[in-house]
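Below is one structure; the comments refer to it alone.
The values are calculated or read from the model by the stated rules, or taken from the named source; none is laboratory data. Not measured: the values here are computed from a predicted model. In this analysis, Cβ positions are derived from the backbone assuming ideal geometry, glycine residues included, and neighbour counts consider all displayed protein chains.
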Amino acid sequence: MRTRVLAVDCDNTIIEQIAAYLGFLNRYYRANICLGDIPDRNIMGRYGISAEELYQREEEFLRSETGRHLPLCVGVLEALPRLRKKYDLYVVMVTARLEDLRDITQEMADRHFPPGTFEEIIFTGRRGAKSVRKTEILPAGAILIDDHPGHVRSQGGILFGDYPWQHDCGDLIRARDWFRVEEILPGLLPP
Ligand SMILES: [Mg+2]
C-alpha cells in the first residue's frame, strides 16, 4: 500500500495563475494592482473587495477562456508524474478553490496530466466562511508543495515558487521550480 502522500496545491504551484488573475481584476475594477502590491495576498483588504465578491470574480476568471487555459508552472508536467512513479507516491491536489470549481479543475488535470496522476482533488474553499485549513484535511506526514508559507509551515513540505507573499518564509524548504522540487523531494520522503 502506498503510504507516501504528496499533496500539491493548484494555483501558483501547478498552474501559473496570479499574473493573469491580476490582469482580469485590473480590467474588471479599472485598477492597476501589481504583483508587488499584494505582499500578503490580501487583495480584499487592500482594495475593499469583500470575500464573497472576490470568490465571484475568481470563479468568473477561472471559467473564462483565459482562466481555463492557464499555463503550467515550469517543469511540473515532467517532474510530477516522474516523481509519482519513481517513489510510488499517492498524489492529491489540494486547493483553496471552492468545490463549485471541481469541473474545470478536473478538466485542467485531465487535459495536461497522464490519467491517474491525481488520486483525488480536495477543495478547501468555503463560501461565506473561512477556508478549511489544509492541515485539517491532510494526513499527518503528508508532504505539501504549496506557494503559501502558512500552509507549508503547518503541514511540512516545500514552499514553491518565487512570489511577493513569501517574505516570511524563515527556514522553510524552498523550490523555485519543479526541477528543484525533483531534486529535493526524495530527501524528505519517509523511508
Ligand atoms: Mg496556491
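Within segment 107-121, does at least one residue satisfy the condition of being within 16 Å of the ligand (Cβ to nearest atom), part of a helix (DSSP H, G or I) and modelled with pLDDT of 95 or more? Reasoning before the result, please.
Within segment 107-121, the subset within 16 Å of the ligand (Cβ to nearest atom) is 108-109, 118, 121.
Checking the rest, the ones that are also part of a helix (DSSP H, G or I) come to 108-109.
Subset that is modelled with pLDDT of 95 or more: 108-109.
Checked segment 107-121: at least one residue is within 16 Å of the ligand (Cβ to nearest atom), part of a helix (DSSP H, G or I) and modelled with pLDDT of 95 or more.
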Restricting attention to segment 131-140, does a residue exist that is without any contact (Cβ under 8 Å) to a residue 12 or more places away in the chain, under 22 Å from Arg57 (Cβ atoms) and either within 16 Å of the ligand (Cβ to nearest atom) or not assigned by TED's automatic domain parsing to the domain that holds Asp177 (or both)? yes
Six or more apart or on different chains, Cβ under 9 Å: which pairs go from a residue in segment 2-15 that's in contact (Cβ under 8 Å) with a residue 24 or more places away in the chain to one that's in a loop (DSSP other than H, G, I, E, B) and near the ligand (Cβ under 6 Å from one of its atoms)? Could you list them? Asp9/Asp147; Asp9/His148; Asp11/Asp147; Asn12/Asp147; Asn12/His148; Thr13/Asp147; Thr13/His148
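Is it the case that segment 59-73 has a residue that's part of a loop (DSSP other than H, G, I, E, B) and under 24 Å from His167 (Cβ atoms)?
Filtering segment 59-73 for residues part of a loop (DSSP other than H, G, I, E, B) gives 64, 69-71, 73.
When the remaining residues are screened for being under 24 Å from His167 (Cβ atoms), the result is 73.
Looking for residues that are part of a loop (DSSP other than H, G, I, E, B) and under 24 Å from His167 (Cβ atoms), one finds at least one in segment 59-73, hence yes.
What residue, of Asp37, Asp11, is among the acidic types (Asp, Glu) and within 16 Å of the ligand (Cβ to nearest atom)?
Working: Asp37 fails: within 16 Å of the ligand (Cβ to nearest atom).
Going through Asp37, Asp11 in turn, the sole match is Asp11.
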Residue check, Phe24 away from the ligand (no atom under 16 Å from the Cβ), of a type in the set (A, V, I, L, M, F, W, C) and under 21 Å from the mean Cα position of the chain (by Cα): yes
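Let's see how each residue does on (1) under 23 Å from Leu22 (Cα atoms); (2) of a type in the set (Gly, Ala, Ser); (3) surrounded by fewer than 18 Cβ atoms within 10 Å (Cβ to Cβ):
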residue	(1), (2), (3)
Asp100	yes, no, yes
Glu136	no, no, yes
Ile145	yes, no, no
Gly150	yes, yes, yes
Gly161	yes, yes, no
Glu183	no, no, yes
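Run down Gly128, Gly116 and say which single residue is more than 18 Å from the chain's Cα centre (by Cα), at positive phi and without any contact (Cβ under 8 Å) to a residue 60 or more places away in the chain. Outline the logic, then answer.
Values: Gly128 fails: without any contact (Cβ under 8 Å) to a residue 60 or more places away in the chain.
Exactly one residue qualifies, and that residue is Gly116.
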Exception for Asp88 within (1) more than 16 Å from the ligand (Cβ to nearest atom); (2) surrounded by 14 or more Cβ atoms within 10 Å (Cβ to Cβ); (3) at positive phi falls at (2)
Search result, residues across segment 141-155 that are away from the ligand (no atom under 14 Å from the Cβ) and either in contact with a helix residue (DSSP H, G or I) (Cβ under 8 Å, 6 or more places away or on another chain) or among the hydroxyl-bearing types (Ser, Thr, Tyr) (or both): Ala142, Ile143, Ser154
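Which of the residues belonging to segment 155-191 are in a strand (DSSP E or B) and either without any contact (Cβ under 8 Å) to a residue 24 or more places away in the chain or closer than 13 Å to Ile143 by Cα (or both)? Steps first, answer last, please.
So in segment 155-191, the residues in a strand (DSSP E or B) come out as 157-160, 174-175.
Residues satisfying the conditions are Gly157, Ile158, Leu159, Phe160, Arg174.
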